[in-house]
Amino acid sequence: MIILGIETSCDETSASVVQDGQKVLSHVLASSADMHTKTGGIIPEVAAREQVRSIIPVIEKALTDAFPNSTPSALRSNPPIDAIAVTAGGPALIGSLLVGVETARTLSYVWKKPIVPVVHLLGHMYANWLDTDRLPEFPAIVLTVSGGHTELILMKGHGSFQMLGGTRDDSAGETFDKAARLLDLPYPGGPSIQQAAEAGDPTKVILPRPMKGSGDFDFSFSGLKSAISREVGKNPDINKNDVAAGVQEAIVDVLSAKAIAAVRKYGVKSLLIAGGVAANKRLRELLEKRSPVPLFIPPIGFCTDNGSFIASFAYFNYNPLPWEKIIAIPDADEAIKHYAKNKN
Ligand code: KG4
Ligand code: ZN
């Protein structure tokens, strides 16, 4: 089965064609990240306007890359795909989400193809199934960490997801982004902090490990921001690289400790990571060192938002709905509940 995946939940516009949930035939991305670097963060209206501009070219490129032997006009009128998958649930910015959803609804109507709504939060995990021969064994714990979410999920099989815990305030990605802003490092903060941390000493600035020993699977990162401000306020000449190393160490220490605790408590067979923060090298290193079960880390290009994991989710959790029933729901929990009830 060949699925066209469309993803526009945040600042990326992405379309991919994936065969049988695993083989990526094309993977196309347009990002407005450069614009947001100038403003130090995402301005939703700017992101959505860029997506309106790029969505059709991105989809056309995904189709021509996947089917190089078809003519552009054949691909426009009737592409050889079996279904369309679209990010219809969050976490997402509503303006951005609507661009992908309305485009997918229109294409589904014109091409007469089924459409599968995907909740972004759950889609992320499927980066672990793309272009790989080494597949995770169930049950698995998934640590999903990005700008929009920080969740620990028990996955008993395809379609069986149990939320074990999540952040009570800021996400791990937001904490990287806010820390970078406090240190005058460029947006997005994750890669900037990682780079600065490589030149710093993580033992110089020891920051708190919020909720590390709380005994549950929730997180809280908002206190870290104030701790960073305090450290910088106390010593304005502080070495930024040392602070970056301290911040990174605090975040990844809590993330990995809780993920490993979940692995042990539920006796699972694999540990998966997903989301933009999964690109962090120190997080990968610590999990590798601490995990008692095989660890699955997707390549960086599949970790951040993209249409490939959306298409993969749709294949393994195939539940098409008529285009009229596809609605954009920016809240992840609400979207999960809505689409669990509205099955075909
Ligand atoms: O999954 P993603 O692309 O978008 C969301 O769904 O949020 O994640 C983006 C987040 C940003 O907060 C960014 O700073 C963070 O992932 N990120 C990183 C790294 N690369 C991206 N955080 C830590 N280390 C990295 N290398
Ligand atoms: Zn995401």
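The values are calculated or read from the model by the stated rules, or taken from the named source; none is laboratory data. Remember, it's a predicted structure, so these values are computed and weren't measured experimentally. Counting neighbours? That spans all protein chains shown, and the Cβs are built from the backbone with ideal geometry, glycine included. Just the protein is used for accessible areas: all its heavy atoms, side chains included, with ligands, DNA and RNA removed. Shrake-Rupley method; radii C 1.70, N 1.55, O 1.52, S 1.80 Å.
On the accessible surface of the stretch 33-159, probed at 1.4 Å, how many percent belong to carbon and sulfur atoms? Could you put the intermediate results ahead of the total?
Details: 2970 of 5290 Å².
Answer for the stretch 33-159 is 56 percent, counting heavy atoms of protein chains only.
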Counting only residues 5 or more places away or on other chains, whose amide H sits under 5 Å from the amide H of Ser26 once H atoms are built in the peptide plane? Val17
GNM, the chain, Cα, under 10 Å: largest mean-square fluctuation among Ala88, Ala262, Ala127? Ala262
For the stretch 131-261, percent of DSSP beta bridges that are antiparallel (nearest 5) comes out at 90
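Which net charge results for the neighbourhood of Ala262, defined as the other residues with beta-carbon distances under 15 angstrom from its beta-carbon, given Lys and Arg at +1 and Asp and Glu at -1?
On the way: positive: Lys156, Lys212, Lys258, Arg264, Lys265, Lys269, Arg290; negative: Glu151, Asp216, Asp218.
Computed value for this residue: +4.
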Nearest 10 degrees, 0 to 90: helix 222-234 Cα axis against the chain principal axis: 40
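Nothing charged except the Cβ atoms of Lys and Arg (+1) and of Asp and Glu (-1): what's the magnitude of the dipole of the stretch 100-213 about its Cα centre? Round to the nearest 20 debye. Don't skip to the answer; put the middle values down first.
Details: 11 positive and 12 negative charges, 72 e Å.
It works out to roughly 340 debye.
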The stretch 217-326: mean projected area of Cα convex hull, nm²: 10.2
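Could I get the Rg over Rh figure for the chain? Both from C-alpha atoms, Rh via Kirkwood, rounded to two places.
On the way: Rg = 20.1 Å, Rh = 20.4 Å.
Across the chain, the Cα-based Rg/Rh ratio is 0.98.
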Too long for a 32 Å Cα-Cα cut-off, among Lys112/Lys281; Lys156/Lys225; Lys113/Lys281; Lys113/Lys178; Lys156/Lys281, are Lys112/Lys281; Lys156/Lys225; Lys113/Lys281; Lys113/Lys178
In nm, spacing of pseudo-spin labels at His158 and Lys343 (7 Å Cα→C-beta vector): 1.4
What is the gain in length, in nm to one decimal, between Ile56 and Met1 on full extension, counting 0.36 nm per residue of separation less the C-alpha to C-alpha distance? 17.5 nm
Quantify, in whole percent, the carbon and sulfur part of the accessible surface of the stretch 167-267 (1.4 Å probe; protein heavy atoms only). 49
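On a full-extension model of 0.36 nm per residue, what is the gain between Lys204 and Lys112, subtracting their alpha-carbon distance, rounded to one decimal in nm?
Details: separation 92, 0.36 × 92 = 33.12 nm, distance 6.04 nm.
The span from Lys204 to Lys112 would gain 27.1 nm if fully extended.
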Run the simple label-point estimate for Thr64 and Lys281 please: 7 Å along Cα→C-beta, distance reported in nm. 3.6
Connecting every pair of Cα atoms under 10 Å apart in the chain and solving the GNM, the largest mean-square fluctuation among Ser308, Ser160, Ser222 falls on Ser160
What residue among Thr304, Thr13, Thr132 shows peak mean-square fluctuation when the chain is described by a Gaussian network model with Cα springs under 10 Å? Thr132
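Could you work out the per residue convex hull volume over the alpha carbons of the stretch 1-103, in cubic angstrom? Intermediate results must be reported in sequence, preceding the final value.
On the way: hull volume 10.2 nm³, N = 103.
Once divided by residue count, the hull of the stretch 1-103 is 99 Å³.
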Karplus (6.51, -1.76, 1.60) ³J(HN,Hα), θ = phi - 60°, over the stretch 281-288, in Hz, Gly and Pro reported as x: 5, 5, 5, 4, 4, 5, 5, 4
Karplus couplings for the stretch 162-167 from phi (6.51 cos²θ - 1.76 cosθ + 1.60, θ = phi - 60°), rounded to Hz, Gly and Pro as x? 10, 6, 8, x, x, 7
Can you give me the P(r) profile for the stretch 176-250? Cα pairs, bins 10 angstrom wide beginning at 0, each as a whole percent. 21, 53, 22, 3
Once Lys and Arg are counted +1 and Asp and Glu -1 for all other residues with Cβ under 13 Å from that of Gly189, the total becomes 0
At 4 °C in a medium of viscosity 1.567 mPa s, the stretch 131-189 has a Stokes-Einstein diffusion coefficient, with Rh taken as the Kirkwood radius over alpha carbon pairs, in µm² per second, of 98
For the stretch 29-164, what is the accessible area per residue in Å², given a 1.4 Å probe and the full set of protein chains? 42
So what's the projected area for the stretch 110-165, the Cα convex hull averaged over all directions, in nm²? 5.5
Not counting ligands, DNA or RNA, and with a 1.4 Å probe, what is Asp305's accessible surface area in Å² rounded to the nearest 10? 30
Ranked order, Lys225, Lys212, Lys258, Lys281 - accessible area, probe 1.4 Å, largest first: Lys281, Lys212, Lys225, Lys258
Hey, what do the phi angles of the stretch 11-18 turn into as Karplus ³J(HN,Hα) couplings, whole Hz, using 6.51/-1.76/1.60 and θ = phi - 60°, x for Gly and Pro? 9, 9, 10, 9, 9, 9, 10, 10
In square nanometres, what is one fourth of the surface area of the convex hull spanned by the alpha carbons of the stretch 277-344? 6.4
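Per-residue ellipticity at 222 nm for the chain, helices alone: DSSP H runs ≥ 4 residues times -39500 (n - 2.57), over residue total, nearest 500 deg cm²/dmol? The partial results should precede the final answer.
On the way: 13 runs with 153 residues, N = 344.
Value at 222 nm, helices only, nearest 500: -13500 deg cm²/dmol.
Kirkwood Rh and Cα-based Rg: tell me the resulting Rg over Rh for the stretch 153-287, rounded to two decimals.
My calculation puts Rg/Rh at 0.99.
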Rounded to 0.05, the calculated FRET efficiency for the beta carbons of Arg134 and Asp237 at R₀ = 51 Å is 0.60
Send over the Kirkwood Rh of the stretch 72-169, from the inverse of the averaged 1/r over different Cα pairs, rounded to one decimal Å. 15.6
